[in-house]
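See below for the structure under consideration.
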Amino acid sequence: TKSQRNEAEVQKMYEQWIVENGKNYNGLGEKERRFKVFKDNLKRIEEHNSDPNRSYERGLNQFSDLTADEFRANYLGGKMEGTSVSDVAERYRYMEGDI
Amino acid sequence: LPDEVDWREGGAVVPRVKKQGDCGSCWAFAATAAVEGINQITTGELISLSEQELIDCDRGNGNFGCVGGGAVWAFEFIVRNGGIVTDEVYPYVGNTSAACKAIEMPTTRFVTIDGHEVVPEKDEMSLMKAVAHQPVSVMISAANMSDYTSGVYKGPCSNLWGDHNVLIVGYGTSSEEGDYWLIRNSWGPEWGEGGYLRLQRNFHESTGKCAVAVAPVYPIKSSSSSNLLSPSVFKLLLLFVFKLVSLTLL
């Protein structure tokens with residue numbers, strides 16, 4: 001199955017992904033390190049997509065060489081303080097029969 | 001309430017899906033998109049606004065540039081600041097190296113709002129009613145969504161309170177996957193469904209799926225609040241009109 005792809009095939013996918021996403025790794029060994037992360041992410045994607053009951057698809061994209069922690073640190077950033085929701089308004093409160 | 005809403009068709013959403021890059025500025029994109037929406041709905045003009053002005057200038061009141069923040073505080077800044085300029089005048093650079101640029105307001109187009117309000121929390125029907133009136137900023141827990149490409153997302157969710165600020169621009173129902181929220185993200189058009197996410201709606205938990213109903217917030221703007229001319233240009237115009245009148249009277 002897809003999830004038993006051999007190393008060479010995954011390597012080829014990785015090289016193609018690097019070109020498509022304009023990646024260039026400078027540090028020594030950085031490319032190999034990123035390849036390991038890429039493989040883990042690809043495995044997770046294929047496991048999810050092999051579920052016949054899935055409601056959505058996962059796929060390779062600009063984030064596919066990031067660990068979950070790196071992704072969280074760089075691309076989220078929403079902060080919620082309890083105080084900010086103090087002014088709840090009635091304007092849009094739903095009442096039964098609202099048109 | 002309408003079965004389906006899509007503010008992109010309503011012309012209240014900037015067609016270009018913006019990209020925050022590796023900077024935790026999702027809050028600024030959610031804020032500008034919400035203000036772009038309400039401004040178009042009240043004035044008919046769709047004007048793309050500046051996230052970088054929020055990143056550089058709205059500091060310390062809950063928002064911290066690329067480190068993170070919330071649209072709710074950005075709305076408060078925009079009111080205090082007397083408006084927000086376009087991203088043409090103050091383009092996005094995706095970092096916090098620059099100080100706040102003093103924008104020459106007299107000659108710059110900018111958009112104003114009158115304030116913000118919060119939708120009744122943990123109430124997806126009220127959220128639906130709000131979205132039927134305007135795009136709404138929400139926090140969702142998105143740490144597990146990095147490789148979402150299409151479909152109606154039903155989990156897993158990374159926490160119960162949300163860690164990523166996005167904008168709900170509509171809702172609908174998929175024949176296979178059920179009810180969903182239509183969400184505009186700021187990870188560029190290559191992510192998800194052309195930059196958008198469909199998130200499960202009418203979840204059995206009151207928080208909504210991935211915390212979507214925990215703290216929805218929207219800007220308010222009365223159609224009377226003008227925002228295309230800055231006060232000083234307005235005065236100049238008034239002066240000019242008086243000059244004209246006095247010349248004709250002489």
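Just so you know, all these numbers are worked out from the coordinates, no wet-lab data involved. Because the structure is predicted, anything quoted here is derived from the model rather than measured. Glycine gets a Cβ as well: all are built from the backbone with ideal geometry, and neighbour counts include every protein chain shown.
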**Q.** Gaussian network model of chain B, springs between alpha carbon atoms under 10 Å - residue of B:Ser25, B:Ser126, B:Ser174 with greatest fluctuation
**A.** B:Ser174
**Q.** Isolated Cys in the protein assembly as shown, by beta carbon distance under 4.7 Å
**A.** B:Cys26
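Would you mind computing the Rg to Rh ratio of the range B:46-104 from its alpha-carbon coordinates, Kirkwood style for Rh?
When Rh is taken as the Kirkwood radius, the ratio is 0.92.
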Q: Convert each backbone phi in the range B:66-81 into a coupling constant with the Karplus relation 6.51 cos²θ - 1.76 cosθ + 1.60 (shift: θ = phi - 60°), then list the ³J(HN,Hα) values in order as whole Hz, x for Gly and Pro.
A: 6, 7, x, x, x, 4, 4, 6, 5, 4, 5, 4, 4, 5, 4, 7
Q: Restricting things to alpha carbons, tell me how big the range B:74-120 is in terms of Rg and Dmax, in Å.
A: 12.6, 39
**Q.** GNM top mover of B:Lys221, B:Lys129, B:Lys18 - chain B, alpha-carbon springs below 10 Å
**A.** B:Lys129
Q.
Restricting everything to alpha-carbon atoms, can you work out Rg to Rh for the protein assembly as shown with a Kirkwood hydrodynamic radius?
A. 1.04
**Q.** Efficiency of FRET from Cβ geometry, A:Lys36 and B:Ala132, R₀ 51 Å, rounded to 0.05
**A.** 0.60
Q: Rounded to whole Hz and in sequence order, give me ³J(HN,Hα) for the range B:165-172 from the Karplus expression 6.51 cos²θ - 1.76 cosθ + 1.60, θ = phi - 60°, writing x for Gly and Pro.
A: 8, 9, 10, 7, 10, x, 7, x
Q | Folded to 0 to 90 degrees: helix A:7-20 orientation relative to chain A principal axis, Cα | A | 60
Q | Charge dipole (debye, nearest 20) of the protein assembly as shown; +1 at Cβ of Lys and Arg, -1 at Cβ of Asp and Glu | A | 660
Q) Can you list residues whose amide H is under 5 Å from B:His164's amide H, if they're 5+ apart or on another chain and H is modeled 1.01 Å from N? A) A:Gly78, B:Ile140, B:Ala142
**Q.** Evaluated over chain B, the Cα radius of gyration and Dmax, each in Å
**A.** 19.4, 76
Q. Among bridges DSSP assigns within chain B, what percent are antiparallel (round to 5)?
A. 95
Q) So what's the range B:11-59 giving for Rg/Rh, alpha carbon basis, Kirkwood Rh from the mean inverse pair distance? A) 0.99
Q: Could you tell me which of A:Tyr92, A:Ser64, A:Asn24 has its Cα farthest along the dipole of chain A towards the positive end, charges placed at Cβ (Lys, Arg +1; Asp, Glu -1), taken about the Cα centre?
A: A:Asn24
Q | Among B:Ala30, B:Ala143, B:Ala102, residue whose mean-square fluctuation peaks in a GNM of chain B (springs only between Cα atoms under 10 Å) | A | B:Ala102
Q | Residues with amide H under 5 Å from that of B:Val169, placed H, sequence gap 5 or more | A | B:Leu182, B:Ile183, B:Arg184
Q | Table column - 3J(HN,Hα) (Hz), the range B:92-101, Karplus curve with 6.51, -1.76, 1.60, x for Gly and Pro | A | 7, 10, x, 8, 10, 6, 8, 7, 5, 7
Q: Could you check how many percent of all C-alpha pairs in the range B:1-129 are farther apart than 26 Å?
A: 21
